[in-house]
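To start, the structure under review is shown below, and the notes come after it.
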Amino acid sequence: MEPTAAAPESVTWKVHLDRSMWVAGVRALMLQALHPLAMRGVWQRSDFRDDPTGRLLRTAHFVAVTTYGSPDEARELGERVRRVHSALTFTDPDTGRIHRVDQHDLLVWVHCAEVSSYLETTVRAGLRLTPAERDRYIDEQSRTAEHVGLLRDDVPRDTASLRRYLAGARPQLRVTPEAARAVRFLLWPDVPDHLAALAPLQPLWFPIGALSYYTLPAWARHAYGTLPELPGAAAATTEGLRLLRGGLNRVPERFYNRIFDEATLRSADEAKKRLLEAGYEVENGFRALRGRTVFRAPAPGPGSGWPSGA
């Protein structure tokens, strides 16, 4: 059995350990919000309005556990997510219909918006992946879909299929009042209690929020109209992503890890122990991971997007 939910040699590790995943995660939430039913489910049945930062950190925890958590950890987390979702319903104010949070088409949309955001953003920020590796990442993520109650074949398994799905979903997407408010929250979220000491640094969040917004497809930005469309924005966004990624890579692990909650850090510590026992060499967190196979962390090494546990 593999020591972690996803094999350290997988493309999933390359993508999810990249520190540009912070932008990718926020971008995913902004894209997901364009599906009216999905957004209303979040708005009515989660604490997003009161704690958008907490929602982002919980998403980070889910990605972390399903990446480098143990198979048992990932399975238990998936069971917990499915159990919570199965008990929740919400009302569409346009039709008066009641919908389940775990409605099949909504789960597929959330999955595809996340996977496309993670892949597109990290590659744009400078993570080098071949076309074959991009396809492999999407196929690997079909296993993650099982944790929320989908089958692997319910979701796209390669880049072309994902692109076709997103194009087909576009006619359903629009900006609701809830989506507009969600984007404003994500551009300037409140600082959660456990990060109160970092409150003076809150202005540093805006570049992450703005980059997340400007990495959205042009049609999505035009629909939102939250930030101005500036000449040369595409090139500036790409350069900004690369600069932000480089800056985050220089943050020492001991400071970077303060962002995450205790459960996520505990999972990282356990993953490190399992990797060592399985014969991998782990130095400087997961950033210099080497094992018994052909896997090598990309040189000079993108910083871990998730905590090192070191």
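General observations
- In the set (1) in a helix (DSSP H, G or I); (2) surrounded by 17 or more Cβ atoms within 10 Å (Cβ to Cβ); (3) in contact (Cβ under 8 Å) with a residue 24 or more places away in the chain, residue 216 fails one condition alone, (1).
- Restricting the search to helices (runs of 4 or more DSSP H) fully inside region 229-310 and requiring at least 2 residues that are at pLDDT 55 or above and small (Gly, Ala, Ser) gives 233-249, 262-277.
- Number of positions in region 85-119 that are crowded, with 18+ Cβ neighbours inside 10 Å, under 23 Å from residue 164 (Cα atoms) and out of contact with any His (no Cβ under 6 Å at 6 or more places or on another chain): 13
- Cross-chain or 6+ apart pairs with Cβ under 8 Å, region 160-171 first and at pLDDT below 95, then in a helix (DSSP H, G or I): none
- Condition broken by residue 44, with the remaining ones in (1) assigned to a loop (DSSP other than H, G, I, E, B); (2) in contact with a strand residue (DSSP E or B) (Cβ under 6 Å, 6 or more places away or on another chain) satisfied: (1)
- Filtered by the rule that a residue be among the acidic types (Asp, Glu) and either in contact with a Pro (Cβ under 6 Å, 6 or more places away or on another chain) or part of a loop (DSSP other than H, G, I, E, B) (or both), region 88-105 gives 92, 94, 102.
- Subset of region 210-267 [within 18 Å of residue 28 (Cβ to Cβ), touching an Asp or Glu at 6+ places or on another chain (Cβ under 8 Å) and among the hydroxyl-bearing types (Ser, Thr, Tyr)]: 215
The values are calculated or read from the model by the stated rules, or taken from the named source; none is laboratory data. Because the structure is predicted, anything quoted here is derived from the model rather than measured. FYI the Cβ positions are ideal-geometry reconstructions off the backbone, even for glycines, and counts take in every protein chain you see.
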